[in-house]
1. Residues Leu278, Leu257, Leu318: which one is at pLDDT 80 or above, among the aliphatic types (A, V, I, L, M) and under 30 Å from Thr138 (Cβ atoms)?
2. Does the stretch 87-94 include one or more residues that are at pLDDT 85 or above and farther than 17 Å from Trp319 by Cβ?
3. How many residues does the stretch 205-234 hold that are small (Gly, Ala, Ser) and out of contact with any Gly (no Cβ under 7 Å at 6 or more places or on another chain)?
4. Considering only the stretch 233-351, give the helices (runs of 4 or more DSSP H) lying wholly within it that have at least 1 residues that are among the polar types (S, T, N, Q), surrounded by 24 or more Cβ atoms within 10 Å (Cβ to Cβ) and out of contact with any Leu (no Cβ under 6 Å at 6 or more places or on another chain).
5. Of all residues being in a helix (DSSP H, G or I) and surrounded by fewer than 15 Cβ atoms within 10 Å (Cβ to Cβ) in the stretch 135-150, which is modelled with the highest pLDDT? Just the residue, please.
6. Might you check whether a residue that is within 22 Å of Ala130 (Cα to Cα), in a helix (DSSP H, G or I) and not β-branched (Val, Ile, Thr) occurs anywhere in the stretch 20-43?
7. On the basis of being at pLDDT 85 or above and either farther than 29 Å from Leu245 by Cβ or of a type outside the set (A, V, I, L, M) (or both), does Val337 make the cut?
Amino acid sequence: MQRFAQSWLVYELSNNATVVGVAVALQSVPSLFAGPYSGLVADRFDKRRLMIGLQSMMAVLAIVLGVLTVTHVVQLWEIFLLAFLLGVNEAFEVPARQVFVFELVGPEHLQNAVGLNSVLNSIARAAGPAMGAVLVATIGLGTCFLVNGLSFVAVIASLIVIDTAALHPAHLSKRARGQVREGLLYVRRSPELWAPLTMMALIGMLAWEFQTVMPAMASQVLHGGATAYGLITAAQGFGSIFGGLAAASARKTSKRLLVGEAVAFGVAMALAASAPTLDTELVLIFVVGFTATALAATGNTTIQLNSDPRMRGRVMSLWLVAFQGSTPIGGPLAGFVAHAAGARAALAMGAAACFGAAGLGVLAKGWRDRPVSPVSADEALLSDMDAEVPVEALATPADEDSR
């Protein structure tokens with residue numbers, strides 16, 4: 001709901017899709033630069049406690065933006081600043097939260113859990129914009145931010161009361177030199193990691209930015225307003241629910257599945273770019289949401305199951321860089337294309353990125369085209385690491401303490 005309200009607020013103040021892209025980019029800049037370090041923090045500290053602190057700060061930021069908006073004193077620079085600070089929180093919270101899913105269920109249920117987590121997020125994406133559109137039309141934009149701020153009470157309470165004895169905690173890394181470089185070298189030497197990460201970076205930078213384009217699509221192309229934008233965003237959210245359910249029901253993941261979903265996402269984006277009416281767009285954006293969420297869940301699972309447990313936080317921080325940290329480039333670019341050539345052209349650019357990512361996955365050498373079984377993923381990885389890519393071999397002599 002806050003993302004819906006923030007994008008619409010910026011568009012309302014600026015009447016420029018490029019400025020909306022700048023706001024989205026500022027929220028993602030911290031992920032681009034802090035990603036490897038935030039992953040190391042997730043590997044070193046208790047994820048649950050880390051999330052409690054960061055979620056509390058997110059609540060404060062939402063309430064501040066809400067107060068500024070309801071008092072009618074909010075300015076663009078204030079929105080940009082608060083978006084940047086929220087991005088700093090997300091840069092450290094997202095890797096910890098992604099790895100925490102693994103600690104909740106263990107390796108045997110990871111793919112199902114990632115899919116179900118996507119379903120829950122998608123329900124929020126569907127209900128949030130719809131609720132936001134109602135609040136904007138009846139009470140005002142500021143209410144969206146205030147309600148979001150108060151909702152963090154439930155989030156923090158759930159983290160506090162969780163049964164820690166039922167978790168599958170990962171071994172916490174001790175402080176040592178060279179650990180960030182160690183993680184980067186590990187990914188570089190693992191095609192089953194760098195190939196899907198590169199695919200998701202390309203898709204995240206250009207295709208996933210369809211959300212930046214949607215205010216212009218709703219307003220300028222389909223001649224609607226905040227209500228049309230809310231319906232489009234809600235339709236995408238409903239599609240994501242079914243896409244997440246499809247991912248949750250999968251028993252395995254593979255290179256072929258990830259490449260196929262990238263192609264399907266590209267086709268859906270291309271069709272959405274050519275939609276002649278709002279009704280058609282709602283149907284096609286539903287398909288976009290379905291394919292996008294299935295692709296994201298498969299990519300997340302593939303990377304986690306192929307990661308050494310000792311490196312999982314650092315690897316998932318690179319996932320954050322690839323999928324969200326690329327937004328500082330893709331957000332303004334998508335907004336610029338939408339402003340200069342139209343929203344349809346920006347969506348078509350995203351479709352082309354999906355096809356390019358699929359081609360990269362097909363051509364990637366060393367990425368074994370075999371299903372990854374979640375049942376014994378950690379055990380297989382530990383033995384594979386010893387046999388093929390030992391962590392010890394990635395450290396330099398100066399990193400003796402790290403080894």
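1. Details: Leu257 fails: under 30 Å from Thr138 (Cβ atoms); Leu318 fails: under 30 Å from Thr138 (Cβ atoms).
The match here is Leu278.
2. Within the stretch 87-94, one or more residues are at pLDDT 85 or above and farther than 17 Å from Trp319 by Cβ.
3. Here is the first cut: in the stretch 205-234, the ones small (Gly, Ala, Ser) are 207, 216, 218-219, 224-226, 228, 230, 234.
Adding the requirement that they be out of contact with any Gly (no Cβ under 7 Å at 6 or more places or on another chain) leaves 216, 224-226, 228, 234.
Within the stretch 205-234, residues that are small (Gly, Ala, Ser) and out of contact with any Gly (no Cβ under 7 Å at 6 or more places or on another chain) number 6.
4. 278-305, 312-320, 327-341
5. Per the stated criteria, the residue is Leu150.
6. In the first step, residues of the stretch 20-43 are kept if they are within 22 Å of Ala130 (Cα to Cα); the result is 20-21, 23-24.
Pick out the ones that are also in a helix (DSSP H, G or I) and you get 20-21, 23-24.
Pick out the ones that are also not β-branched (Val, Ile, Thr) and you get 21, 23.
Checking the stretch 20-43: at least one residue is within 22 Å of Ala130 (Cα to Cα), in a helix (DSSP H, G or I) and not β-branched (Val, Ile, Thr).
7. Details: at pLDDT 85 or above: yes; either farther than 29 Å from Leu245 by Cβ or of a type outside the set (A, V, I, L, M) (or both): yes.
For Val337, the condition - at pLDDT 85 or above and either farther than 29 Å from Leu245 by Cβ or of a type outside the set (A, V, I, L, M) (or both) - is met.
The values are calculated or read from the model by the stated rules, or taken from the named source; none is laboratory data. These figures come from a predicted structure and were not determined experimentally. With ideal geometry, Cβ positions are generated from the backbone for all residues, glycine too; neighbour counts draw on all protein chains shown.
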